[in-house]
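Worksheet: the structure to be examined is printed underneath.
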């Protein structure tokens with residue numbers, strides 16, 4: 001997994017487990033937004049054919065994840081929530097340079113960092129759920145997918161600039177991501 005600078009705290013996991021229904025609703029929103037992120041790359045970069053197939057596949061897989069989490073929500077008699085701005089993702093995106101190849105690389109790296117944090121957190125949730133909980137295997141599968149996804153974004157970034165530049169920029173974003181994460185309130189959210 002990408003070298004996240006700060007691990008998620010046990011306190012975050014405690015909040016999630018104590019308010020798991022809220023977490024599920026938030027998680028569904030994150031999967032839906034991730035699917036939209038994949039399609040936004042397709043829309044914004046139609047002249048970058050090396051992005052199109054991977055981002056379409058990513059968007060489809062994230063939409064399937066949304067569907068799986070939605071089913072868990074429906075089985076519990078819950079409803080999807082209203083859309084809201086994800087402060088964590090918004091602050092990370094604000095760090096991205098705009099325009100040209102630099103903007104594309106930053107957008108890919110930010111998406112990769114978001115996926116890496118999601119991987120770490122979904123794995124924590126999976127490991128904390130009782131073996132008898134049907135969501136345990138779902139969360140293990142989703143954590144594996146997030147691992148593939150963050151690797152995909154970093155691999156794609158390396159197609160546009162040298163690996164050393166990708167690593168330098170990723171290191172910078174990861175340091176800033178740690179500060180963002182530490183500053184967030186403990187809530188039953190993926191981010």
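Read-outs throughout are calculated quantities, based only on the coordinates presented, and are distinct from any laboratory measurement. This is a predicted model, so every value here is computed, not measured. Note: ideal-geometry Cβ built from the backbone for every residue, glycine included; neighbour counts use all protein chains shown.
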Hull shadow area, averaged, region 25-72 [alpha-carbon convex hull, nm²]: 2.8
Ellipticity estimate at 222 nm from DSSP helix runs (n ≥ 4, -39,500 (n - 2.57)) divided over the chain, nearest 500: -25500 deg cm²/dmol
By average C-beta atoms within 10 angstrom, highest first, the peptides 126-135, 7-16: 7-16, 126-135
Förster radius 35 Å - calculated FRET efficiency between residue 8 and residue 83 (Cβ-Cβ, nearest 0.05): 0.90
Cα centroid separation - region 142-191 against region 1-40, whole Å: 14
Kirkwood hydrodynamic radius of region 112-191, from inverse mean 1/r over distinct Cα pairs, in Å: 14.0
With Cα atoms, 0 to 90° folded angle of helix 163-183 axis to the chain main axis: 40
Rg/Rg_globular for region 10-183, with Rg_globular taken as 2.2 N^0.38 Å and Rg from C-alpha atoms: 1.05
Relative contact order (%) - criterion: Cα under 8 Å, at least six apart; region: region 10-183: 20
